[in-house]
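Enquirer: Before anything else, here's the structure in question.
The values are calculated or read from the model by the stated rules, or taken from the named source; none is laboratory data. Source: prediction; values computed, not measured. Note: ideal-geometry Cβ built from the backbone for every residue, glycine included; neighbour counts use all protein chains shown.
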Amino acid sequence: MRLQRIADPGSIDVGLIARSIANGAHRVVLQFSKESAYSPSILEDVNLACRTVGVKVNVRFWAHYGSQLAFVGRLHGLSALTLLLGGRNNLEQLAHDGIKHLEVLRVRGMNTIDLALFPKIEDLRVEDQVQLQNLNLDGGPNLRAVSIWNCKTFSELQGMRHAHRLESLFVGKTAIEPDAFLRELPANLKQLSLTGYRKRKDDGLRNRIDSLGYASAKYMEDIYP
């Protein structure tokens, strides 16, 4: 058992979550699909679970359209957060100084991701964001892995040379111009994939990246080891 999902829980048994991890679940997802699902008492339990189990507890907000999520910053134990579906323009309401793992997946209207809202972020996955045109890595000095997939208007990844801890970078199905991109790679990068063009171009890029000494970066379908 690798992943356990608990949807809109009426109560949270922290001991059970801890035992699930001990018995082989590599993460437990607490998924909330509506505002009425997270009462103050549930949020207290979520916070306790995050503090007790750590990054292997992922809190996921699913299909939230403009919902107020400012309470996220008060979940002090939270370190892994997913925003899936729903709609909003930015992540300002979710600012959190303890989040290390962040996923932003198919959120309608998302045009800005400010990594400075998450100063401890280490792993970032962004997927299916049609309005997101750029991302600045300067706000995430602790980034280790970044995955950007199927963001068709995305054309600029800024601050790469300053991303001194970045080791893995996967970029696919974007509007990135490869030549300019490859001139800006961070010094400590070990794994790199740039794909999603046509097959011939993809093959040429892979050969070029191999010649630069980088291993292939894997698509970050799951950012948790």
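Enquirer: What number of residues within the range 188-200 satisfy the criterion of being on the phi < 0 side of the Ramachandran plot and in contact with a helix residue (DSSP H, G or I) (Cβ under 8 Å, 6 or more places away or on another chain)?
Expert: So the count comes out to 5.
Enquirer: OK, next. Hey, among ALA25, ALA63, which residue is small (Gly, Ala, Ser) and touching a helix residue (DSSP H, G or I) at 6+ places or on another chain (Cβ under 9 Å)?
Expert: ALA25
Enquirer: What's the total number of residues in the range 65-79 that are assigned to a loop (DSSP other than H, G, I, E, B) and either closer than 16 Å to SER39 by Cα or not assigned by TED's automatic domain parsing to the domain that holds ARG51 (or both)?
Expert: Going through the range 65-79 one residue at a time, the tally reaches 4.
Enquirer: Can you find a residue in the range 89-98 that is within 29 Å of ASN136 (Cβ to Cβ), of a type in the set (S, T, N, Q), in contact (Cβ under 8 Å) with a residue 12 or more places away in the chain and in contact with a Ser or Thr (Cβ under 7 Å, 6 or more places away or on another chain)?
Expert: yes
Enquirer: Would you confirm whether any residue within the range 101-119 is touching an Asp or Glu at 6+ places or on another chain (Cβ under 9 Å), touching a residue at least 12 places away in the same chain (Cβ under 8 Å), among the polar types (S, T, N, Q) and not in a strand (DSSP E or B)?
Expert: So far as the range 101-119 goes, yes, one or more of its residues are touching an Asp or Glu at 6+ places or on another chain (Cβ under 9 Å), touching a residue at least 12 places away in the same chain (Cβ under 8 Å), among the polar types (S, T, N, Q) and not in a strand (DSSP E or B).
Enquirer: Which condition number does ASP45 fail, the rest of (1) in contact (Cβ under 8 Å) with a residue 12 or more places away in the chain; (2) part of a helix (DSSP H, G or I); (3) closer than 25 Å to VAL107 by Cα being met?
Expert: (3)
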